1. Using a Gaussian network for the chain with springs between C-alpha atoms less than 10 Å apart, which of these wobbles most: GLY84, GLY149, GLY247?
2. Would you kindly find the accessible area of VAL110, with a 1.4 Å probe and non-protein molecules such as ligands, DNA and RNA excluded, rounding to the nearest 10 Å²?
3. Which shape class, rounded, prolate or oblate, goes with the chain when its Cα gyration tensor gives a ≥ b ≥ c as root eigenvalues, a/c under 1.5 marks rounded, and past that a/b bigger than b/c marks prolate?
4. Test of understanding: in a Gaussian network model of the chain with alpha carbons linked when under 10 Å, which of PRO276, PRO329, PRO125 would top the mean-square fluctuation ranking?
5. For SER334, SER67, what's the largest-to-smallest order of accessible area, 1.4 Å probe?
6. Percent of accessible area on the chain owned by carbon and sulfur, 1.4 Å probe?
7. What accessible area, in Å² to the nearest ten, does a 1.4 Å probe give for HIS11?
8. Residue by residue, what Karplus-based ³J(HN,Hα) values in Hz, rounded to whole numbers, does the range 313-328 have, using 6.51, -1.76 and 1.60 with θ = phi - 60° and x for Gly and Pro?
Amino acid sequence: MADVAVLVRAHWTRGEPGREAPGELVTALYRWWVVAMVLKILGATWDICWHFRWLRDDLAPPHLLNSVGTVMVIGLVVFHSYTGIGVDKVTLRWMQWGLGIFLVAAPLDVINHRVNGLDITAWSPSHALLYLGTGMMSIGLLLGWYRQGRSDRYYYPITYFLWFTVLDNFMFLNQHQEYGVLGLAAWERGAPYAEDSLLQFAADQLHRPLDYIAVENFTLPTPDWLYPVWAVLTGLGTLLLARTLVGRRWTATTIAAGYLVFRCVAWALLAAADFPISTVPFFLLIGALAIDMSAQLITRLRPLIGAAAVTAAAYAALWLQDAYIAAPPSDYASALYVVVVLAAMWWLFEHLGSGVRRIERHLAAIRDRRGRGLSPR
């Protein structure tokens, strides 16, 4: 740590993106990014269950934990921007724009809830900007780590974690339904998770008494098709892209398993602290297994066959989870158009992966020729 601090001070000078720096410093910067993203994810995970119990509080502990991660992100982006170390121009722009959108969205979210009230729906426009900013930062991190971290012994674990941040960012929206379905059931049992003032506030927004319709609107305000469609196209779609670009055999399954372990540990800790609990999307693991197995098929019809297999596996696993454990309400007929969209995404991702590998080979050839003192041409 002391050596890294010395390196930071020694390199705190103005530079352009792509500036040469010791590998130890570059690796340390990306590991600090990991710490910052962990804090942001922990804060967000705590925050959503907090708002299924109490009315909004700008200084609630989950917000403060998330803010610590955000402050670290600001410091890292400032360092990258000023020194040019650890990033190229494209990577830096993703980080800067992502952070900028997030910092604009945060006060807009506060204003939104001052005007419109309850801070509960994960699907609001101001929240969408927060997810967009976080997602763009994750893309920048992946690009930067892919180009800067290859020599690190923890390259693949950190790569998997960075893909985990993308998956978590997408699946965070579905947690509204995952908390909501159990929140509604708790209210029906006569032991609601939410405090009385929160439920009454939700009812007052609809100008109706505190009844089933009011609580259902508070807990499950989205149409039934949205949960499975979002889970497959964005959640499993993220895992499909990770499998395509990383290229390792069990990439999708590893990331999905890590995400579910995190959700289970968070569930246990929150339950022990007497916070509201959610369902956990275990069906994602079956979909991820289908991705990894389908990716090994050698046929031009792989996108179509793979999309059909993944959609069928995910929807069947979701149905079983709903039947034997718990899951949000889902419209299973949505699988008919999800499979078409997923097949198109699969085809697009494979072409993207092929393009990335061609560029890699070209750049490697240039580096090799330069290393031998020859012209890049």
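1. Comparing GLY84, GLY149, GLY247 in the GNM, the peak value goes to GLY247.
2. 50
3. Details: a/c = 2.38, a/b = 1.39, b/c = 1.72.
Oblate, since a/c reaches 1.5 and b/c is not below a/b.
4. Top of the fluctuation ranking is PRO125.
5. From most exposed to least exposed: SER67, SER334.
6. Working: 12050 of 18150 Å².
For the chain, the apolar C and S fraction of the accessible surface comes to 66 percent.
7. Probe radius 1.4 Å; accessible area of HIS11 about 40 Å².
8. Using θ = phi - 60°, the values come out as 5, 5, 5, 5, 5, 5, 4, 5, 4, 5, 6, 10, 10, 5, 7, x Hz.
The values are calculated or read from the model by the stated rules, or taken from the named source; none is laboratory data. None of these values were measured; they are calculated from a predicted model. All Cβ positions, glycine included, derive from the backbone under ideal geometry; neighbour counts span all protein chains shown. Quick note on the areas: whole protein, heavy atoms, side chains included, nothing else; ligands and nucleic acids left out. Shrake-Rupley method; radii C 1.70, N 1.55, O 1.52, S 1.80 Å.
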